[in-house]
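The values are calculated or read from the model by the stated rules, or taken from the named source; none is laboratory data. Remember, predicted model here, so these are calculated numbers, not experimental data. A quick note on method: Cβ atoms are made from the backbone with ideal geometry, for glycine too, and the neighbour counts reach across all protein chains shown.
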């Protein structure tokens, strides 16, 4: 079906034709390319790469292929087995490793998998480094180790607990107050590794966790993207259990969304807004999100007299701008929290700990917290790519049409109007054009998105 090579890694559907899907041949090729890049980049005697995966059905197969390929290059592998994306990121630095590979297609359905590639800092590769890996793969410029120089695999399943240890040691995580609050929380782990990590974190915080879809078998019970339309079971369970909160994560646990005690969504866009509000109240400073994220973060940041910055979409872009601006917190409006005090990566676990700390310190429910923030509503729609769609030409024409407005072409085309905005861009992770809009009502946001889809379709048919 599809193989996508981008800043977000090597992502594709399982089965099918080599170079058009994520087949075993492709998994070996890109693992070999990454291992070769590591050896070129580090130039040392012994090499170590951390490998972990989410619970996808194809995960064990892909992980075996990837790890044995690295062994064939003479690279030692630390096998975390079932893990989370932020856990693998932290393990890279804790192990003083030369890089990491996370096997997950994040929010994509079960037929997808991916190799997400990390540098020695436990951060995603830059665009330039990622392109070098792709070039090595295209050239198949690999040199494998002799029999006496093969790598070895070491298993280590302790890193989720070590990750939690680091979170609980953070000064702004109020473990004592959370435990005193005697909270009851429903967890939807979408039958992936969130079903392992989030209940363990809550247990360590003294929270009673009610588990829903927490068996890490890779059979996603609903679309794994944590959007309102996919979370009816969780909403009902929160109400039925008289729970204080519902928590849902994506399969690799770098995105986080909440359900209020009344069964209504807190709003994935507001996960970052709330965590930033808490951090800024304790440690004022700059914030960063990508340009497809809600204006609410800007509003909250400015209410503390601080500066908000918008980056291009993609975690690596957010992290780069956070470092440039010395931001105290950042992330993406899809529920991704990046807290530099812990590490530079989207991390649902630290997001949970910070959010609960704010809830109990302020003595407010999630609904009361949400109602205190500016009300913006987003529409997230898409156009499937087809051969007749010239995306670059379409975006150029849309930029020209709206030249009288405030327009940015740093990442696709974002058009800022007085009371709403529209962001059009080609996805890094799916064969689609994303159309994101934000306005003061859901109806208005949806209407704007639909009108832009109609306008783009009109350009295609001219």
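Okay, here's what the table says:
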read-out	value
Within region 296-357, strands (runs of 3 or more DSSP E) holding 2 or more residues that are surrounded by fewer than 23 Cβ atoms within 10 Å (Cβ to Cβ)	308-311
Qualifying residue in region 418-435 (condition: exposed (fewer than 13 other Cβ atoms within 10 Å of the Cβ) and outside the structural domain of residue 296 (by TED's automatic domain parsing))	yes
Matching residues in region 8-22 - criterion: being over 18 Å from residue 141 (Cβ atoms) and crowded, with 20+ Cβ neighbours inside 10 Å	8, 9, 11, 12, 13, 14, 22
Boolean, residue 27 is within 18 Å of residue 106 (Cα to Cα), assigned to a loop (DSSP other than H, G, I, E, B) and touching a residue at least 12 places away in the same chain (Cβ under 8 Å)	no
Candidate set from region 359-380 (those that are in a loop (DSSP other than H, G, I, E, B) and touching a residue at least 40 places away in the same chain (Cβ under 8 Å)); member that is surrounded by the fewest Cβ atoms within 10 Å (Cβ to Cβ)	375
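Residues checked against (1) touching a helix residue (DSSP H, G or I) at 6+ places or on another chain (Cβ under 6 Å); (2) buried (at least 24 other Cβ atoms within 10 Å of the Cβ); (3) part of a helix (DSSP H, G or I):
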{"position": "77", "(1), (2), (3)": "yes, yes, no"}
{"position": "88", "(1), (2), (3)": "no, yes, yes"}
{"position": "91", "(1), (2), (3)": "yes, yes, yes"}
{"position": "96", "(1), (2), (3)": "no, no, no"}
